[in-house]
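The values are calculated or read from the model by the stated rules, or taken from the named source; none is laboratory data. Just so you know, these numbers come straight off a predicted model, no measurement behind them. Note that each Cβ is placed from the backbone with ideal geometry, even for glycine, and that neighbours are counted across all protein chains shown. Surface areas here come from the heavy atoms of the whole protein model, side chains and all, with no ligands, DNA or RNA. Shrake-Rupley method; radii C 1.70, N 1.55, O 1.52, S 1.80 Å.
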Amino acid sequence: MKVLVTGTAGFIGFHLARRLLQDGMQVYGIDNLNDYYAVSLKRDRLAQLQSQSGFTFQELDLSDRAGIANLFQQQPFDCVVNLAAQAGIRYSLQNPWTYIDSNVSGFVNVLEGCRQQAIKHLVFASSSSVYGANTKVPFAESDRTDHPVSLYAATKKANELIAHTYSHLYGLPMTGIRFFTVYGPWGRPDMAYFKFARAILAGEAIDVYNFGKMQRDFTYIDDIIEGVVRVMLHPPEGVDCRLDLAEQPDSKAPYRIYNIGNNQPIELMTLIQTLEKALGKSATLNLLPMQPGEVLTTYADVQALSTDLGFAPNTTIADGIERFVDWYQGYYR
């Protein structure tokens with residue numbers, strides 16, 4: 001199987017590409033290597049992949065319409081996994097156009113490539129942020145997601161809607177994955193656990209928003225990748241229109257949305273205490289009010305993915321943070 005993975009130099013994209021190569025697949029990776037965070041970390045991830053056979057990389061931006069079209073014309077793919085996106089909630093308050101260019105326009109470029117090539121399955125990254133300020137937990141795929149509280153969340157919801165339209169119009173199998181707070185080795189430096197580790201080791205105070213009264217469904221990267229691979233190998237099927245109307249879902253398209261989370265949210269203060277134990281050093285806290293665009297709780301209902309594909313996250317926060325700290329101290333020496 002030949003798989004296009006966009007955002008291959010990113011956190012999830014890197015881990016997915018490495019897993020697919022280990023499973024004997026061919027991986028064609030693209031990334032624009034932007035400077036949202038240290039490009040050196042992205043290049044070091046790529047170096048891990050480029051040493052393996054079966055991996056090809058091209059530096060390419062999703063918003064490059066002609067470049068993406070040319071890629072799909074020249075390279076046949078069995079499956080596409082779109083993970084490239086402008087990440088971050090707070091940054092969207094500063095640079096909204098980047099989110100539209102990458103997450104919306106860029107995503108449509110990928111969809112057009114999939115349409116032209118009649119791709120057998122497109123898997124694309126959504127986010128738990130689409131649930132907005134929902135107070136009903138855990139978040140289930142059937143919950144309303146039409147009240148996003150950040151531009152980032154709005155672009156991810158737009159991805160889901162546009163993807164469904166393409167799936168409906170052209171019969172393209174598509175699956176969206178709502179990721180819940182992914183963490184682990186080779187992670188993103190803008191994520192809280194990463195920034196906390198750096199500050200604690202440097203003896204600096206860490207900013208703790210909403211005075212620490214938040215919960216996140218922290219999901220270890222290996223569990224995330226296991227879920228993505230299972231989704232990749234099982235493209236959704238459309239609903240037979242001859243079925244009794246009472247038995248049909250709202251959509252007849254070969255389209256599906258899944259949550260991938262740990263299903264066990266923890267308090268932010270618990271995360272900090274776990275980091276302190278793994279690092280062997282206490283944190284100095286700078287308690288601050290809630291930031292615009294943030295939500296109080298994320299909590300994934302993963303029953304659908306468990307029932308359909310046998311997904312079961314099994315990494316505890318203690319084990320996951322310990323593995324992250326081992327990598328962090330080795331990588332940054």
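Here is how the numbers come out for the structure above:
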| quantity | calculated |
| --- | --- |
| Region 129-205 - percent relative contact order, Cα under 8 Å, separation 6 or more | 19 percent |
| Listed values (1) 19.4, 62; (2) 19.5, 66; (3) 24.0, 73, entry calculated as Rg and Dmax of the Cα atoms in Å | (2) |
| Share, in percent, of DSSP beta bridges within the chain that are antiparallel, nearest 5 | 5 percent |
| The chain: angle of helix 192-202 to the longest principal axis, Cα-based, in degrees nearest 10 | 30 degrees |
| Residues with amide H under 5 Å from that of Met174, placed H, sequence gap 5 or more | Leu122, Tyr255, Arg256 |
| Förster-model FRET efficiency, 22 Å R0, Asp44 and Glu322, C-beta, rounded to 0.05 | 0.55 |
| Electrostatic dipole magnitude of region 143-282 [Cβ: Lys, Arg +1; Asp, Glu -1; Cα centre; debye, to 20] | 380 debye |
| Farthest positive-ward along the chain dipole, Cα basis, beta-carbon charges - from Leu62, Val231, Pro254 | Leu62 |
| ³J(HN,Hα) computed for each position of region 177-182 - Karplus, 6.51 cos²θ - 1.76 cosθ + 1.60, integer Hz, glycine/proline x | 10, 8, 7, 10, 5, 7 |
| The chain: Lys pairs at Cα distance under 25 angstrom, eight or more positions apart or on different chains | 18 |
| Degrees separating the helix 39-50 axis from the principal Cα axis of the chain, which is the longest one | 60 degrees |
| Phi to ³J(HN,Hα) by Karplus 6.51 cos²θ - 1.76 cosθ + 1.60 over region 280-288, Hz, x for Gly, Pro | x, 8, 7, 9, 9, 9, 10, 6, 10 |
| Most fluctuating residue given options Lys281, Lys42, Lys120, as computed from a GNM of the chain linking Cα atoms under 10 Å | Lys281 |
| Heavy-atom accessible area per residue - the chain, 1.4 Å, Å² | 45 Å² |
| Range of Cα positions in region 76-177 per principal axis (Å), largest first | 41, 31, 19 |
| Cβ charges +1 (Lys, Arg) and -1 (Asp, Glu), total dipole of region 1-52, debye | 100 debye |
| Nearest 10 degrees, 0 to 90: helix 11-22 Cα axis against the chain principal axis | 60 degrees |
| Fraction of accessible area attributable to carbon and sulfur, the chain (%, probe 1.4 Å) | 49 percent |
| Cα pair distances of region 153-235 binned at 5 Å [whole percent] | 3, 11, 15, 17, 17, 13, 10, 7, 4, 2, 1, 0 |
| 11 Å beta-carbon shell around Ser129, net charge (K/R +1, D/E -1) | +2 |
| Dipole magnitude of region 1-134 about its Cα centre (Cβ charges: Lys, Arg +1; Asp, Glu -1), debye to nearest 20 | 260 debye |
